[in-house]
Amino acid sequence: MRANKARDTGPEQRIRSLLHSKGLRYRVNVRPLRELRRTADVVFTASRVAVFIDGCYWHGCSEHYRPARANDSFWREKIDGNRARDRETDQLLADAGWTVIRIWEHEDPAEAADRVEDMLKRVRAAWPSSDEESPERRRLTT
């Protein structure tokens, strides 16, 4: 299990490359909330959008997850814990005003990148116009 990478996985790199080619700039493996010990794979800080690219095994994809044959109770607990932590992370970020996007590793990278781009456009379109812009939003965009 040591060979499994925690960051810069193939799916992450493909999606990041597509986002970058769309002209989108982001931070990689950053805590969206400093006080929360959870890192998102791709973070758009000014827009407050956090993208998580979840592995099918580690996050219990309903399509591709197959239970372990050895030490199955340990792994079932581990995967259930990961799922619960994912839900908690989504809720904590949403409560703090963040938009969370979850992408499964098996998803088409181009479609996933389009989904992220579309969400960023919607989030940015909801920003107040420049004449009524809040000081907080100005601080986030500078």
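Going by the structure shown, is H20 open to solvent by 50 Å² or more (accessible area, probe 1.4 Å), under 21 Å from R122 (Cα atoms) and either modelled with pLDDT of 95 or more or not aliphatic (A, V, I, L, M) (or both)? Steps first, please.
On the way: open to solvent by 50 Å² or more (accessible area, probe 1.4 Å): yes; under 21 Å from R122 (Cα atoms): yes; either modelled with pLDDT of 95 or more or not aliphatic (A, V, I, L, M) (or both): yes.
Yes, satisfied.
Report every pair of residues separated by at least 6 positions or lying on different chains whose Cβ atoms are under 6 Å apart, first residue within the range 10-35 and farther than 15 Å from I53 by Cα, second of a type in the set (A, V, I, L, M, F, W, C).
Here the result reads L33/A96, each pair linking the range 10-35 to a residue that is of a type in the set (A, V, I, L, M, F, W, C).
Name the pairs: first residue in the range 111-128 and under 16 Å from G23 (Cβ atoms) and β-branched (V, I, T), second residue open to solvent by less than 80 Å² (accessible area, probe 1.4 Å) and part of a helix (DSSP H, G or I), Cβ to Cβ under 8 Å, at least 6 apart or on different chains?
Pairs found: V116/I15; V116/L19.
Does the range 9-22 include one or more residues that are of a type in the set (V, I, T) and either touching a His at 6+ places or on another chain (Cβ under 7 Å) or assigned to a loop (DSSP other than H, G, I, E, B) (or both)?
Step one: filter the range 9-22 for residues of a type in the set (V, I, T), giving 9, 15.
Retained after the next criterion (residues that are either touching a His at 6+ places or on another chain (Cβ under 7 Å) or assigned to a loop (DSSP other than H, G, I, E, B) (or both)): 9.
Yes, the range 9-22 contains a residue that is of a type in the set (V, I, T) and either touching a His at 6+ places or on another chain (Cβ under 7 Å) or assigned to a loop (DSSP other than H, G, I, E, B) (or both).
Any idea how many residues of the range 48-93 are in contact (Cβ under 8 Å) with a residue 12 or more places away in the chain and among the small types (G, A, S)?
Going through the range 48-93 one residue at a time, the tally reaches 3.
In the set D41, D90, D86, which member is modelled with pLDDT of 90 or more, in contact with a His (Cβ under 8 Å, 6 or more places away or on another chain) and open to solvent by less than 50 Å² (accessible area, probe 1.4 Å)?
On the way: D41 fails: in contact with a His (Cβ under 8 Å, 6 or more places away or on another chain); D90 fails: in contact with a His (Cβ under 8 Å, 6 or more places away or on another chain).
Every option except D86 fails the conditions.
The values are calculated or read from the model by the stated rules, or taken from the named source; none is laboratory data. Keep in mind the model is a prediction, meaning the values are calculated, not measured. We place every Cβ from the backbone using ideal geometry, glycine too, and count neighbours over all the protein chains shown. Remember, those area values only see protein heavy atoms, side chains included, never the ligands or the DNA or RNA. Shrake-Rupley method; radii C 1.70, N 1.55, O 1.52, S 1.80 Å.
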